[in-house]
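In what follows, a single structure is set out as structure tokens and then discussed.
Values quoted throughout were computed directly from the atomic coordinates according to the rules given, and no laboratory measurement underlies them. Since we're looking at a predicted model, the values are computed, not measured. Positions of Cβ are backbone-derived with ideal geometry, glycine not excepted, and every protein chain shown enters the neighbour counts.
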Amino acid sequence: MRFPEIYLASASPRRHEILTQLGIPHEVLRLPPVAGEDEPRLAGESPADYVMRTARDKAHRALAHLADLGRQHLPPRPVLAADTTVILGDEILGKPVDVEDARRMLQRLSGTEHEVRSAVVVADASRMLETVSITKVRFARLSREDIDDYCASGEPMDKAGAYGIQGLAGLFVEHISGSYSGVMGLPVFETGRLLRQFAR
């Protein structure tokens, strides 16, 4: 399969790894940092709207950054931006601010089913295409020791919902309905389809 060369507007090693495994040629675009890890949710904004908006915002920031770098004669390529959100009821569980925050999130996810939405946007100066992957994940009931040990591993600290399914937290997952790679941060099927559509 042939895919267009892209700029990946994300510092996530997981997204870079997935694109590399798929053989999608890409260059990681280092964007200027923004204040805070998670963008604030707007008043009245649903979790579904939030994840799509934040992915679009990342794409717009990437395009603006590329325009600023235009004098360096970077080759024109589309940008790929993504956002992954863990949703429990109507609440968005972002990246934990500290270990206690991670513990609280994991306690809330224990023995429950939650939703993971991964929005993907591919854009250039003239058009923008987008898609979203929706996955249901059910956690087993976690003991205090499970949570303490997992937090001690350091894994929860840079991940939405305070867990990464591809790591030790895979031991917590009783059932998944949807995209495993979407929970990791970049849904393979949806991303491939979007890139092929963009290349037409």
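Each of D57 and A140 was given a label point 7 Å from its Cα along the Cα-to-Cβ line. The distance between the two points is 3.7 nm.
In the chain, helices alone account for a calculated mean residue ellipticity at 222 nm of -10500 deg cm²/dmol, with every DSSP H run of four or more residues adding -39,500 (n - 2.57). Rounded to the nearest whole Hz, the Karplus-based 3J(HN,Hα) values (6.51 cos²θ - 1.76 cosθ + 1.60, θ = phi - 60°) of region 162-179 follow the sequence 6, 8, x, 5, 7, x, 4, 5, x, 5, 8, 8, 7, 7, 9, 10, x, 9, with x at glycine and proline. Relative to the longest principal axis of the Cα atoms of the chain, the long axis of helix 47-68 lies at roughly 40 degrees. What lysines sit close enough to K136 to cross-link, taking a C-alpha to C-alpha distance under 18 Å and skipping anything fewer than 8 places away on the same chain? K136 reaches K159. Bridging of K58 to aspartates and glutamates at a Cα separation below 17 Å is possible for E27, E37, D38, E39, D49, D68, D83, D124, E130, once same-chain residues fewer than 8 apart are set aside. Would you work out which of A82, L129, V99 lies farthest towards the positive end of the dipole of the chain, given +1 charges on the beta-carbon of Lys and Arg and -1 on that of Asp and Glu, about the Cα centre? Farthest towards the positive end: L129.
Mind checking region 22-126 for trypsin sites (Lys or Arg not before Pro) that DSSP puts in a loop (not H, G, I, E or B) and that have at most 16 other Cβ atoms within 10 Å? Of the trypsin sites (Lys or Arg not before Pro), the ones in loops of region 22-126 whose Cβ has at most 16 other Cβ atoms within 10 Å are R30.
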